[in-house]
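Reading through the C-alpha cells given below for one structure.
The values are calculated or read from the model by the stated rules, or taken from the named source; none is laboratory data. This one's a predicted model, so the numbers in the text were calculated from it and none came from an experiment. Please note: Cβ atoms are built from the backbone with ideal geometry, for glycine as well, and neighbour counts cover all protein chains shown.
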Amino acid sequence: MKIAFIVWRFPVLSEAFILNQIIGLIQRGHDVHIHPVNGLPKNYTGKVHPVVEEYKLLERTYFPPIVPENWYVRFLKGVGLFLKNIHKGSFKTLQLLDSSKYGDEVANLKTLYRTVSLLQDGSYDIIHCQFGTLAPIALAYRDAGIIKGKLITTFRGIDISKYVQENGANVYDQLFKEGEFFLANCEFFGNRAINLGCDAKRLVVHGSGLDCTKFSFKPRPKPVNGKIKIATTGRLVEKKGIEYAIRAIAKIAASHPNIEYNIIGDGELKQQFEQLINELNVGHIVKLLGWKQQKEIVEILDNSHIFIAPSVTAADGNQDAPVNTLKEAMAMGLPVISTIHGGIPELVQDDISGFLVPERDASAIAKKLVYLIEHPERWENMGASGRARVEEKYDMNKLNDELVAIYQQMLTSNLPEQVQAQNTQEFIRV
C-alpha cells in the first residue's frame, strides 16, 4: 500500500508513537510518505529520534517550502509557487481560498506552500491524519482533487479536548460525514468522538504502541544505600501536572530526606518550575534534566525506583490519553503514581501496577509516595503487573498488524469487519 501520513511537523521528539507506526508499516513492506504541513519543528536543532536516522525517514518526508514571516514576501513567493506549478494543477488550490467553505486554516496563503509536494505526488491508497485537527485540511485538499485516497483520522488528545472546547461541538461534523474511518488512542477519547457525532461503527480504539524490546524489565529491589530515585518524563506544560509532583516531594522532604526526583523534559513552564523549586527549598532533591535522547531516558529510568505521571486537565481543556512515557516506565518495571485523568485509568490499574490519585492533589501524591517508599516489598509485583499490562494492550507489533488490517479492509469497504465486534462491545454504554 501507498500511505500518506499527514502530520503537523516532523520529526518531533515527543511523538514517538507516530514513528512507531511509520516504521511498523515500512517493516511490513508498505510505502509511507510523510507530509508535515508546517515543515520542521520550531527551533529544530537536528536532534532526532534514532529511528529517524535508522530508517532514513527524512528521505520519505515531503517538506513544504518555508513560509516567509513577512506577509508581502509570503504573497509574492506564494504567487511564484502557484505559477511554477500550474502544469501540475496548482489552479486547483484557488478554490481552497474560500474561507466560508474551508475555514481559516485552509483558506490562506499557506495553502499555496503546503500543497506543493502533493501536486507532485498526491495519489495514495490511504491518507492517515495523525490528529483530528489535520483532517479538515486533508478533506479540503481531497475535495479539490489535490490528494486522493481513503481518509482515516486518529484522535490523540488535544484534538478531541482543547480543540473542541475552542471551536465548538460541531467542529468535526463534516469530517464525521466524509471521513472513511476513525481511530481513538483510548476509550475515553473514543467515547467523546462518538458523543460529538462520530458513527460508532466507523471508529475503533487503537492505542499508541510501544516497542517493548527497547524497555527492558527488571525487578526493583530496595536500594542498598537507601536512596530512593523518583522520575517523571514529560513536557513542562500545564497538562502534565508536574507542579503537583514537585509540591508533593516538598511535603515529604523533611520526613524522607533520602530521595531524589529527576524531571526529564523541557517546555514553557521551565522557569516557573525553577522558581517553585527554589521557593520550596528542594533544589537539593529536585532536578530539571531537560530533554534527553531515548537511550538516556532508558538509563535514568533503569536507575529509578518510582515513576510519577501527574497529568491534569489544563485550563484550555487539553487532556491526555494513556501517556507513552508512563507506558515506558511500566514496561521497565517501575511502580507508578498517576491521576484519574483522561485515558490514564485504562493503562494504570489502581493498587495493582501503581496508584491513581485525583488531579491537582499534591497531598494525595505525597501520601502514595510515602506508602511506596515505606513498602518496597510491593515494587516488584507492581512492576510486573505494569509490564504485563503494557505488553497486553500496547505492544507495537500487535497494534501495527491491526493497523495494516484496518487499512486493507478500508480499500475494499468503508467499514473494517474485524473491528465491528470490538465497537459493539467497547461503546455499548455510549
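General remarks:
- Scanning the range 72-100 for residues that are under 32 Å from the mean Cα position of the chain (by Cα) and more than 30 Å from residue 25 (Cβ to Cβ) turns up 74, 78, 97, 98, 99, 100.
- Strands (runs of 3 or more DSSP E) wholly inside the range 138-241 containing at least 3 residues that are surrounded by fewer than 17 Cβ atoms within 10 Å (Cβ to Cβ), without any contact (Cβ under 8 Å) to a residue 40 or more places away in the chain and of a type in the set (D, E, K, R): none
- Taken residue by residue, the range 214-224 has no member that is small (Gly, Ala, Ser) and not assigned by TED's automatic domain parsing to the domain that holds residue 313.
- Selection within the range 290-325 - at pLDDT below 95 and within 16 Å of residue 347 (Cβ to Cβ): 319, 320, 321, 322, 323, 324, 325
- Residue satisfying condition, being within 30 Å of residue 413 (Cβ to Cβ) and in contact with a helix residue (DSSP H, G or I) (Cβ under 6 Å, 6 or more places away or on another chain), within set 184, 193: 184
- Of 262, 278, all but one fail to be modelled with pLDDT of 95 or more, more than 28 Å from residue 41 (Cβ to Cβ) and surrounded by fewer than 23 Cβ atoms within 10 Å (Cβ to Cβ); the exception is 278.
Residues are listed down the side, and each one gets a yes or a no for (1) under 25 Å from the mean Cα position of the chain (by Cα); (2) aliphatic (A, V, I, L, M); (3) surrounded by fewer than 20 Cβ atoms within 10 Å (Cβ to Cβ):
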site: 104; (1), (2), (3): yes, no, yes
site: 108; (1), (2), (3): no, no, yes
site: 126; (1), (2), (3): yes, yes, no
site: 130; (1), (2), (3): yes, no, no
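- Some residue of the range 353-360 being surrounded by 15 or more Cβ atoms within 10 Å (Cβ to Cβ), out of contact with any His (no Cβ under 9 Å at 6 or more places or on another chain) and modelled with pLDDT under 95: no
- Residues that are touching a residue at least 40 places away in the same chain (Cβ under 8 Å) and small (Gly, Ala, Ser), drawn from the range 9-67: 14, 16, 24
- For the range 281-302, a residue qualifies if it is part of a loop (DSSP other than H, G, I, E, B) and exposed (fewer than 13 other Cβ atoms within 10 Å of the Cβ), and the qualifying residues are 281, 283, 284.
- Applying the criterion of being part of a helix (DSSP H, G or I) and either in contact with a Cys (Cβ under 9 Å, 6 or more places away or on another chain) or of a type in the set (S, T, N, Q) (or both) to the residues of the range 96-109, the residue that is farthest from residue 35 (Cα to Cα) is 100.
- Any hit, the range 68-78, residues being of a type in the set (A, V, I, L, M), buried (at least 18 other Cβ atoms within 10 Å of the Cβ) and free of Cβ contacts under 8 Å to residues at least 60 places away in the same chain: no
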